[in-house]
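The values are calculated or read from the model by the stated rules, or taken from the named source; none is laboratory data. The model shown is predicted, which means the values in this text are computed figures rather than measured ones. Methodologically, a virtual Cβ is constructed for each residue, glycine included, from the backbone with ideal geometry; neighbour enumeration extends over all protein chains shown. Only protein heavy atoms, including side chains, enter the accessible area calculation; ligands, DNA and RNA are left aside. Shrake-Rupley method; radii C 1.70, N 1.55, O 1.52, S 1.80 Å.
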Amino acid sequence: PTRRFSDLGATSAWASGFTGSGQSVAILDTGVEKTHSFLAGKIISEACYSSNSSTSTSVCPGGVTESTASGSGVNCPPSVVGCDHGTHVAGIAAGKNASFSGVARDANIIAVQVFSRVTSQTACGNTQPCALASNSDIVKGLERVFALRNTFNIAAVNLSLGGGRYFSTCDSDNPSMTAAI
């Protein structure tokens, strides 16, 4: 069945004055289409961390591996499978229009693109090129959010990255990720 935001309690939260006003949500994902009508004017900070290696190519503007310039948090190219995901997540978190809205409809968005273009059939299956994130780029994205903590009121950080499953604590698997979180 289709879930609606009212199922999450969003309409009740809005009625109580909790709309996300004055808050920001950091979206670490495939970037955000900041010109999308549902998200227009909501992007207050951007960054991109994307790797060049034997199996990946950076999708940051200009092919650089790191940037915090305006426009750096845009979504990766639509020709890469999965590059619409960050925009979708940002809409759920803080999108807004006259018909329907995201959960924190009045919140701003910090768009951090942490994916790279991968063409490996082993990594992507039959859907290459695909967008995959390296732990090192995710850690850089988290460090960027931490650096912005005194600049913006960051209420939440969303890492809807998928992959893998843990049945017990995993802090020792990636100490740099644990430290960043």
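Using a probe of 1.4 angstrom and keeping all protein chains present, the accessible surface of the chain works out to 54 square angstrom per residue. Each of 72, 120, 91 was scored by the projection of its Cα onto the charge dipole of the chain, and the greatest displacement toward the positive side belongs to 91; charges sit on the C-beta of Lys, Arg, Asp and Glu.
Taking Cα centre as origin and charging only the Cβ of basic (Lys, Arg, +1) and acidic (Asp, Glu, -1) residues, the dipole magnitude of the chain rounds to 320 debye.
Dividing the summed helix terms, -39500 (n - 2.57) for each DSSP H run of n ≥ 4, by the number of residues in the chain produces a 222 nm estimate of -5500 deg cm²/dmol to the nearest 500.
Of the solvent-accessible surface of the chain, computed with a 1.4 Å probe and all protein chains present, 51% belongs to carbon and sulfur.
Relative to the longest principal axis of the Cα atoms of the chain, the long axis of helix 135-147 lies at roughly 40 degrees. Extension gain, residue 37 to residue 168, is 43.0 nm, computed as 0.36 nm per intervening residue step minus the present C-alpha separation. Taking the longest Cα principal axis of the chain as reference, the axis of helix 85-94 is set at about 20 degrees. Taking region 69-108 and a reference point 7 angstrom along Cα→Cβ of residue 13, the backbone N atoms nearer than 14 Å belong to 90-96, 101-108.
Straightening the chain between residue 97 and residue 84 buys 2.8 nm, computed as 0.36 nm per residue apart minus the Cα-Cα spacing.
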